[in-house]
Every structure is written in structure tokens, then in C-alpha cells.
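The values are calculated or read from the model by the stated rules, or taken from the named source; none is laboratory data. In this text the structure is predicted, and so the values were computed from the model without any measurement. Glycine gets a Cβ as well: all are built from the backbone with ideal geometry, and neighbour counts include every protein chain shown.
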Amino acid sequence: MAIIDFFDRGWQIDPDAAAYVMDDELFTFDAVGTLSCRIAHALLAAGMGRGKIGAVLGANHPTAWTCTLGLWRAGMAWMPVNPRGSTEENHQLLNAFDCEVLFFQKAFAPVVEAMRPKLPKVRLYVCIEEAVPGASALPDWIAGQPATRPEVSYEPDDTIAVMPTGGTTGLPKGVMNTHRSFQAFCAQFMIACSYRADEKIVNLAAAPMTHTAGVLSLPCTARGGTVVVLTKPDPAALVKAIEKHRVSEFFLPPTVIYRLLDMPGIGEHDYSSLKYFICGAAPMSAEKLRRAMAVFGPVMMEAYGQTEAPGSIAIKRPEENFSGGEIADEARLLSCGRPGPLVRVAIMNARNEPLATGETGEICVRGDLVMKGYYKAPEKTAEAIIDGWLHTGDIGHIDGNGYLRITDRKKDMVITGGFNVYPSEVEQVIWAHPAVQDCAVIGVPDATWGEAVKAVVELNPGMDVSGEELIALCKERLGSVKAPKSVDFVSTLPRSPNGKVLKKDLRTPYWTVQNRSI
């Protein structure tokens, strides 16, 4: 089964039904399906197709997502581009992953123009709305192309997405997901988020569709449901959309859930249509989970995954937050659920040996959900997948009832607002400042973002720089997501006997029980 078949199943159920809604504009299955076919034919006519990679740069929009469907229909791989990423970072990724086609919204035309001289591999630029210098307008580019499904061969293990994931050194790695891995992801969510035959499925795409929200729309469209698209997760617009469109399911990272809970009058709206309010991408405070259940009802659901095994390593269904008719204990609330039915999960020690129930070690995953590997990085793939087991880098345990609990991270990655930030990337920028002797970047608890990026800096003798200057430097080079939210200055960083900075010692004061917010 090809990934585009999930959309086509909904198209077959009711061609005239609304596949997507945005700002009161309806996009029917037939309109989206035929547009994606024309895009696919145009790509094939341009010499693209199976084995090629295309990217879409844009905010949440049904037409931007239709370009992704067109890439898949042509047998190509989709490369998500973060619209909030820096120009430098995005051009490096487009080059590193051999992108040959770039679709973009007109709002990003200046960014594309700035990147163009540095993108020798991109052969085709298409602006979604209208023609701009160096790029065709989508309507003109597909003119005359047939609206029928092209005949494209595929194999289940063909790469259909090359998804950037942060690396501890150098450029981010490109995770190669396949028809098989995305199909397992969709199937597990369709199993977990069950509906009666007469229930209308309405998915709210509030989080970026370049991340989990995009792929999470596929189980909805596969069952003939409607995806309501928000351009950004504005709390007021989100609540209004739930009531207006009778939303039944949606995904948000904890940071946005926290903003929702703090919104005045949040408990005064009608959430009776909700069945599944999915939280993922970062840990969530147990206290705020209780608040969310009090506001939205018994609909909170948690999903754990990573780019290398997307979104459904473990799933905690709404009813699993309860026991004996009462809200479950802290251990259950802090778990991320039981492993999905289509994966195997084991806790392993440093010798790659499985541990007993309750013992803590690295979370490892096996099954169709696991990626094909890292793009053009066989050595990194071999480090991550050992004897068929994906080593996630997350530390945790499985309790006697089969619930998975993540307790730490093997690596130093910071997850802030659902986005992954690798400290070494930030450290490289800070080290480049002449006043900096050494630095360490860590994640600290944050009531809004789950974790916030903090830089701890040791200055060169007799030199000075403000925290504001270092934050501004990081924003310029890396974008606002990866930039530290705060900077502490110390006379000496704690180090091991061999001179390595002891990040654990830096983190400990912030992550003590009395200071933890997640």
C-alpha cells in the first residue's frame, strides 16, 4: 500500500465531501485529489519521480499540503522544511538531502530568492499562488496536465520522506521514512482512535503540518473525515474552531496546551465533540494533565515517538488516564502509554541486552514503524539500528502493567515546545564569540515550553558580553526556537578529570523535585 492510498480511500468514499477547511473555504476531496494528480503529472513530465526528493516551504495551508500529496503521487520523497527555521539552516538541509523541486508560498519568496544562489541541486521552483522571479505559478505550471491518477510503480520500502532531525555534530541527519513506516504509523492511530461508522471525524491541524500534524491528518482523510487547517496554533482561534467545526480529534505539543489552559474563560466553551486530544512531542506536567482533563473532559491522549519511528511507539488512550473510575496515579499519568500493537519495544542495557520488567535502560524499538535509515549516512544508521532494533536514545522502563515511562534522555537533546534542539549546535555559535572561553547548553524546566534552552557561559579573562547579545547572535544564526531563552555566567564550568564539561552537574539544580515543572 502506498502512502497516497490513505488519501485516495477518503476520496473514493465521498468525492464531494470536504477534505480540508480553512477560513470557511472548503476544499473537497475531488478538488484536492485532482490537483494532486495534476501536480504529479507535471512532476513526472519534468523528469521527476521515484527516487527524487521535493520540498514544500510554507505555513499550514491545504494547497501547500496538496503539493506534498502530489510529490507522493509521483512516487517522490517529501522533505519538510521548517518555515520558522533560519535561511542558512534551510539551505544547508535542501542541499544535503539533494532536493530537486521546491514548492513555496509567496510569503517565502524573499527567503527562496536569498537561498537560490546556494541551491545548485534545485532544478525547479514553483510558487503556490502566483509567478515570482525564477519560479512558475502553480496554476500555470500544471495547466494542461491530466486530472487522472498517474501509473507509478513503488515498493513498500521506497523512501517517501526525508525528515531532518538534529545531530550532535555537523548537519542534522535525514531520516528516511517509507511507505511501510508511515503506513504502520497511520494504522496504529486508526486502531487507537476508533470511531463508529456513523461518527463524523473532524481533525484539527493546529500544529505545523511540516511536523506531526501533517501526517496525523492521513488517518482522518483515509476514513473520509475533514481536516480543519489553522495557519498557527492561536489559542482563541483554536477554541473557536473546535466549537464551530465540531472537532473530534487534534494534536498539540504541551507548550500550546499550557497556553490554552491559561486562556481566560477556557472552561466556558463547548468541547462535547472531542474524543481524542492528543499530546506529544515533549513531556507534559501531571498537574497540567489533570487540569486539561477537568477542562476538556476525559479525552486526553498521549503519543510517544520520534522521527526515526514516527509518533506511535507507545500510545496512552484517554481511558488509560483513569483507574476504577478515578484519575489514575502519578506513575500512570507520567507514562506515555503501552507500546503500539504493530511494534516491539524493549528496554536494553549498554550491552544491547533486554532488561527485566521495571528495570531502567534505553528504549529500543523494532517493527515496520522503524525508519529505513539515515540519508547517505550508513555509519550513523548502523549506530542507531543494531540487530534490527532502533536505539532511541531515550531512557526509561516498562512497568508491570506494560506502561512505558521515559525517565531521561541518553543524549543531551532539549525538547522545547515540541521542537528538538541539540546543544552542540547552539554551543558552536556561542563559542564563536571572542569573549567566550567555554559554554554548555542545557534544557531547564519551563512552565510554557516544557523545557527552555539555557546557556551557561564562562568568559575569557578581562572580556565581557551580555546575555542579550549572545541570545541575539543565536537567533540570527539558528532562529528563535534554538536560541537560548536565558544565559547564566559562571567563573568556572564543572569538569571531569579529563576536562569534559559535566552537564549533569549543571542540570541537577534545575531538575530537583521541588523545581521540576514536567
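Observations on the structure shown:
- Sole residue being among the small types (Gly, Ala, Ser) and surrounded by 14 or more Cβ atoms within 10 Å (Cβ to Cβ), chosen from ALA197, ALA161, ALA143: ALA161
- The range 194-219, residues that are under 13 Å from the mean Cα position of the chain (by Cα), over 16 Å from ALA161 (Cβ atoms) and not in a strand (DSSP E or B): ALA206, ALA207
- Scanning the range 304-321 for residues that are modelled with pLDDT of 95 or more and either out of contact with any helix residue (DSSP H, G or I) (no Cβ under 7 Å at 6 or more places or on another chain) or of a type outside the set (A, V, I, L, M) (or both) yields GLU308, ALA309, ILE313, ALA314, LYS316, ARG317, PRO318, GLU319, GLU320, ASN321.
- Looking across the range 333-352, the residues that are charged (D, E, K, R) and modelled with pLDDT of 95 or more come down to ARG338, ARG344.
- Condition met for THR68 (modelled with pLDDT of 95 or more, under 24 Å from ASP24 (Cα atoms) and surrounded by fewer than 24 Cβ atoms within 10 Å (Cβ to Cβ)): no
- Residues that are surrounded by fewer than 20 Cβ atoms within 10 Å (Cβ to Cβ), under 19 Å from the mean Cα position of the chain (by Cα) and at negative phi within the range 385-412 comprise HIS391, ILE406, ARG409, LYS411, ASP412, listed in sequence order.
- Options GLU155, GLU113; residue that is under 28 Å from PHE185 (Cβ atoms), without any contact (Cβ under 8 Å) to a residue 40 or more places away in the chain and either surrounded by fewer than 21 Cβ atoms within 10 Å (Cβ to Cβ) or touching a Leu at 6+ places or on another chain (Cβ under 9 Å) (or both): GLU155
- You will find that of THR381, THR357, the residue that is more than 23 Å from GLY443 (Cα to Cα), part of a loop (DSSP other than H, G, I, E, B) and β-branched (Val, Ile, Thr) is THR357 and no other.
- Failed condition for LYS121, given (1) more than 21 Å from VAL81 (Cα to Cα); (2) free of Cβ contacts under 8 Å to residues at least 40 places away in the same chain; (3) part of a loop (DSSP other than H, G, I, E, B): (1)
- Highlighted here are the helices (runs of 4 or more DSSP H) found entirely within the range 1-84 that include at least 2 residues which are under 20 Å from the mean Cα position of the chain (by Cα) and polar (S, T, N, Q): 62-73.
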